[in-house]
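> First, the structure itself, so that you have it in front of you.
The values are calculated or read from the model by the stated rules, or taken from the named source; none is laboratory data. The shown structure was predicted, so the numbers you read here are calculated from the model rather than taken from an experiment. Glycine also receives a Cβ, built like all others from the backbone with ideal geometry; neighbour counts cover every protein chain displayed. We work out accessible area using only protein heavy atoms, side chains counted, and drop any ligands, DNA or RNA first. Shrake-Rupley method; radii C 1.70, N 1.55, O 1.52, S 1.80 Å.
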Amino acid sequence: MTIHPEDIREGLIALGVRSGMRIIVHSSLKSIGWVEGGAHTVIQALTNTIGSEGTLLMPSFNHGAPFREDGPGFYDPRETPTTNGRIPDTFWRMPGVYRSLNPTHPFAAWGCNAPRYVRGHHQTLTMGEDSPLGLLAREGGYQLNLGTTHATSTAKHLAETMRRVPCLGYRTEAYPVRLPDGRIVKHRTWGWRERSCPLTESGAFIEAEMERLGLQKKGRIGAANATFFRINDLLHAVWR
């Protein structure tokens, strides 16, 4: 079965996605099925639905891959692939999309005020209140899990950072970043400590709480399960 652009758009509207919304999307292209036009079609359906007055964010994390033995030794926002899947790896490369300078967990943004969301990410906490995700939550933004679950959601890390849980090192690691002018500088990012984090392995708990409180809407887009919710509602659900 082929999934067409209008199928994705209809699914987004049924979930409650509207023009002007600010949204972060976690996605799995494979889960949706055979999409006509692939990742570009999914992205176009998202941008067409929220319009130019909306804002679309996606994770474009590399999870430290550039700094491993077989990596280049630096993060370059114009070249470094993301390990978050085909849709976000296509998204950050598109015209009009801006990418932050956090060396391991950069976000990519398109739409209204997109540069503002990513501009200072390398100067603040990776998943903190002033990160792209934190700004989105502060402004009433939403999250769409498209073929993914709360187990891989970044919103839970925002909740952990806001509570300053002891399992995270907030700006404890520094890595080289190649800037657009060619200079290589070191920027800081978070790190993991030995203790387990309270929400890191708690996708099932988050799912149950969001359902119990009626704070999320579910649907299908192609073959994928989709979940749509306000980020602040998740923060409320996990830290009541």
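> Does VAL177 satisfy the condition of being assigned to a strand (DSSP E or B), more than 18 Å from MET21 (Cβ to Cβ) and open to solvent by less than 10 Å² (accessible area, probe 1.4 Å)?
Criteria met by VAL177.
> Shifting gears a bit: Starting from residues that are touching a helix residue (DSSP H, G or I) at 6+ places or on another chain (Cβ under 6 Å) and in a helix (DSSP H, G or I), keep the ones in region 12-38 and report whichever is surrounded by the fewest Cβ atoms within 10 Å (Cβ to Cβ).
Filtering first and then ranking leaves LEU29.
> Return the residues of region 72-121 that are in contact with a His (Cβ under 7 Å, 6 or more places away or on another chain), open to solvent by less than 30 Å² (accessible area, probe 1.4 Å) and either among the hydrophobic types (A, V, I, L, M, F, W, C) or outside any loop (DSSP other than H, G, I, E, B) (or both); say none if nothing qualifies.
Hits for region 72-121 are THR90, PHE107.
> Among the residues of region 123-134, is any open to solvent by less than 30 Å² (accessible area, probe 1.4 Å) and without any contact (Cβ under 8 Å) to a residue 24 or more places away in the chain?
yes
> Could you list, in sequence order, all residues of region 49-61 that are surrounded by 15 or more Cβ atoms within 10 Å (Cβ to Cβ) and either among the polar types (S, T, N, Q) or part of a helix (DSSP H, G or I) (or both)?
Hits for region 49-61 are THR49, ILE50, THR55, SER60.
> Inspect region 62-71 for any residue being of a type in the set (S, T, N, Q), touching a strand residue (DSSP E or B) at 6+ places or on another chain (Cβ under 7 Å), closer than 25 Å to ILE3 by Cα and not in a strand (DSSP E or B) and give the result as yes or no.
Within region 62-71, none of the residues are of a type in the set (S, T, N, Q), touching a strand residue (DSSP E or B) at 6+ places or on another chain (Cβ under 7 Å), closer than 25 Å to ILE3 by Cα and not in a strand (DSSP E or B).
> Next up: Take the residues in region 28-59 that are in contact with a Pro (Cβ under 7 Å, 6 or more places away or on another chain) and among the polar types (S, T, N, Q); name whichever of them is nearest to THR2 (Cα to Cα).
Within region 28-59, the match that is nearest to THR2 (Cα to Cα) is THR41.
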